[in-house]
Structure formats: C-alpha cells, structure tokens
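Since the structure comes first, as structure tokens, the remarks are kept for the end.
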Amino acid sequence: MTTPRASGVEIERVRANPAGAYITVAGVVIFNVAVFFEWASSDGDGFSGYEADSLWPYAAYLGIGFAVALLYAASRAYRRQHRGLSLASMAVGLATLLQCVAWLVDVPGAAERQSELNADVGVWIGLVGAAIWAIGSGLLAKEPEGDPEHDRIRTGTDAVDRDRGPAGGLDR
C-alpha cells in the first residue's frame, strides 16, 4: 500500500508478516487436541485434561480466543497486527507452557485422590502445543513491519528505507 504525495514522494506502508499468527493457531490446535489425551494416571486409571484439572480446557479455550483475535487483527488491522494482543497471547502461551512443566515435575491432586499421580502423554502434547503457541505469538510481536518507522519512502525512481540511515534511507 502506497500513499502518493504532491511532492513526488510515496510512502509504502509496510505491514506485519502474519506467519507468527498462523504458527500460534497451530500451537493452539495442538494444545486443544492434547486436552483429550490422558494427562495423569494412577494405578491403571487415566484422567484426560478435562478430568484432571479444569485449568486445561480453560487454557485451551483461551487459546482459541487469542487465535481468532490474532487472525481477525491480521485481516482487519491497518498493519496486520495489534502488538498488545500479540504480547498478551505470548504471555498466556508462556504461562500455559510453565504450567505444563509444573505438571511434569509434580502432578497436583495426589492428596485428593489418596494415590500417586504420574504425568501422561497429554502433558507432553500440551507442552509442545503451548511452546508453539508462545513462539508464534512472540514471532508476531517482534515483527518490525508493524511499526510506522519502518515504512519505505520512495522519491521518484529512488527507493529508500527510513530505518537505514544515509546509506539506504533518509538522513534525519
């Protein structure tokens, strides 16, 4: 998208690459699938993410909300992202990842069930999904193209970048 100026200067509004949002969506989908696997097992009994702790489905549904919001922002926002939304999604993805790690170290709820609980395959799948979720959100948040100072200014036939200084941009 370029904006023509009367003085012969055009500004190309650089937009963020939405690849991070798509990676986030993949991580959220993996995490949502993980909730249906066994997250804890004890004496032959297995508990899915839904049965083991209500935190897991909540985190999965929160991830769906963030994924939809990131995709909506990518399609509607002027520069294809909302930096605060990307950072909030990354924070929740990291918190979910850390909760998965905590479950691998020690599964909560053993005192309630009067037996020792062991982490199961669902935790590992959730860990991978949460990591992909957080990484995707981080990739989108670090995307410099969403910032106005990275716009490309074109004068006549010369193309320059505002953020490169005298060698490749405007001298400020």
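The values are calculated or read from the model by the stated rules, or taken from the named source; none is laboratory data. Since we're looking at a predicted model, the values are computed, not measured. Cβ coordinates were reconstructed from backbone atoms using ideal geometry, including for glycine residues, and neighbour counts include every protein chain displayed. Remember, those area values only see protein heavy atoms, side chains included, never the ligands or the DNA or RNA. Shrake-Rupley method; radii C 1.70, N 1.55, O 1.52, S 1.80 Å.
Before moving on, here are some points about what is shown:
- Selection count, the stretch 30-51, where residues are touching a Pro at 6+ places or on another chain (Cβ under 9 Å) and surrounded by fewer than 18 Cβ atoms within 10 Å (Cβ to Cβ): 1
- The stretch 31-72: number of residues that are among the hydroxyl-bearing types (Ser, Thr, Tyr) and touching a residue at least 40 places away in the same chain (Cβ under 8 Å): 3
- Condition check for Trp103: of a type in the set (A, V, I, L, M, F, W, C), open to solvent by 60 Å² or more (accessible area, probe 1.4 Å) and at pLDDT 60 or above: no
- Scanning the stretch 53-98 for residues that are in contact with a Lys or Arg (Cβ under 9 Å, 6 or more places away or on another chain) and open to solvent by 60 Å² or more (accessible area, probe 1.4 Å) yields a total of 2.
- Residue in the stretch 115-123 that is of a type in the set (A, V, I, L, M, F, W, C), in contact with a strand residue (DSSP E or B) (Cβ under 9 Å, 6 or more places away or on another chain), at pLDDT 85 or above and in a helix (DSSP H, G or I) present: yes
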